[in-house]
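The values are calculated or read from the model by the stated rules, or taken from the named source; none is laboratory data. What you see is a predicted model, and the numbers here were worked out from it, not measured in a lab. Note: ideal-geometry Cβ built from the backbone for every residue, glycine included; neighbour counts use all protein chains shown.
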Amino acid sequence: MILPIVKYGEPVLRKKGARIDKITPEIQQLIADMFDTMRSAAGVGLAAQQVGRALQLTVLDVTGVKDRPSILELDGRPAEVLEFMPLVLINPEIKPIGEPAIGPEGCLSFPEIYADITRPESVEVTALNARGETIRFKAGGLLARAVQHEVDHLNGILFIDRMTSKVKNEHREEIEALKAETEAMLNSKT
């Protein structure tokens with residue numbers, strides 16, 4: 001089922017997600033719905049906060065992106081990214097490694113706003129998968145960027161928080177208009 005994606009201005013986007021201690025049928029259904037929602041919106045990642053749930057859960061799938069490669073290592077050896085997709089991360093912990101790299105980012109909660117964001121070029125990831133099994137991998141390229149973007153969401157951090165002040169100023173009108181639109185919609189429901 002395709003869920004509504006919350007937009008900037010919704011308080012849930014600023015909430016740190018609760019840890020998931022058990023993979024329940026409800027969590028399994030949420031994962032399936034999040035994949036449907038992400039694919040419908042042509043995204044590469046979606047955090048639970050973006051569908052109104054403050055949980056430590058994100059889904060990713062970078063297979064459709066051909067112009068921005070992803071790198072994956074399992075047990076210190078290169079692995080095929082496509083074989084690892086789609087990806088579910090529950091209670092993820094990341095360790096940034098490598099030099100900072102600038103790259104383009106967008107966000108489904110900020111439609112039509114794109115900016116260059118600086119993030120570490122690689123990350124080591126430990127998380128649970130959809131079956132509750134521990135997974136560990138190292139990611140680079142687009143996958144590393146997407147993982148960091150989504151883990152930020154799980155901690156209530158948005159990509160506008162990572163923009164330089166110059167870039168944020170360039171997008172100020174769009175960001176403020178989106179927030180005002182979202183707040184007006186929320187106020188009309190009360």
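Per the conditions (1) out of contact with any Pro (no Cβ under 9 Å at 6 or more places or on another chain); (2) farther than 18 Å from E93 by Cα; (3) surrounded by 14 or more Cβ atoms within 10 Å (Cβ to Cβ); (4) not aromatic (F, W, Y), the sole criterion not satisfied by A139 is (2). Considering E183, E150, the condition of being more than 19 Å from A47 (Cα to Cα), in contact (Cβ under 8 Å) with a residue 60 or more places away in the chain and assigned to a helix (DSSP H, G or I) is satisfied by E183 alone. Within the stretch 79-95, the set of residues being part of a strand (DSSP E or B) and either among the charged types (D, E, K, R) or at pLDDT below 95 (or both) comprises E93, K95. Residue selection: V125 fails the criterion of being of a type in the set (A, V, I, L, M, F, W, C), assigned to a helix (DSSP H, G or I), at pLDDT 95 or above and surrounded by 18 or more Cβ atoms within 10 Å (Cβ to Cβ). G64 passes every criterion in (1) modelled with pLDDT of 95 or more; (2) of a type in the set (G, A, S); (3) farther than 13 Å from I90 by Cβ apart from (1).
G132 falls short of the stated requirement of being within 18 Å of the chain's Cα centre (by Cα) and either within 27 Å of V81 (Cβ to Cβ) or buried (at least 18 other Cβ atoms within 10 Å of the Cβ) (or both). In the stretch 47-75, the residues that are under 12 Å from G156 (Cα atoms) form Cβ pairs under 6 Å with partners that are assigned to a helix (DSSP H, G or I) and among the charged types (D, E, K, R), at six or more places apart or across chains, as follows: A47/E150. For the stretch 25-42, the criterion of being of a type in the set (D, E, K, R) and over 24 Å from Y114 (Cα atoms) is met by at least one residue. Scanning the stretch 10-34 for residues that are free of Cβ contacts under 8 Å to residues at least 24 places away in the same chain and either surrounded by 15 or more Cβ atoms within 10 Å (Cβ to Cβ) or hydroxyl-bearing (S, T, Y) (or both) yields a single hit, T24. For the stretch 76-85, taking the residues that are exposed (fewer than 12 other Cβ atoms within 10 Å of the Cβ) and either in contact (Cβ under 8 Å) with a residue 12 or more places away in the chain or of a type in the set (G, A, S) (or both), the one that is farthest from P120 (Cα to Cα) is identified as L82. So the check is Cβ under 6 Å with 6+ separation or different chains; which pairs have a first residue in the stretch 102-118 that's closer than 20 Å to Q50 by Cα and at pLDDT 95 or above and a second one that's of a type in the set (S, T, Y) and buried (at least 18 other Cβ atoms within 10 Å of the Cβ)? The qualifying pairs are S109/Y8; F110/Y8. With a requirement of 2 or more residues that are within 18 Å of L108 (Cα to Cα), the strands (runs of 3 or more DSSP E) lying completely within the stretch 1-77 that satisfy it span 45-47, 57-60.
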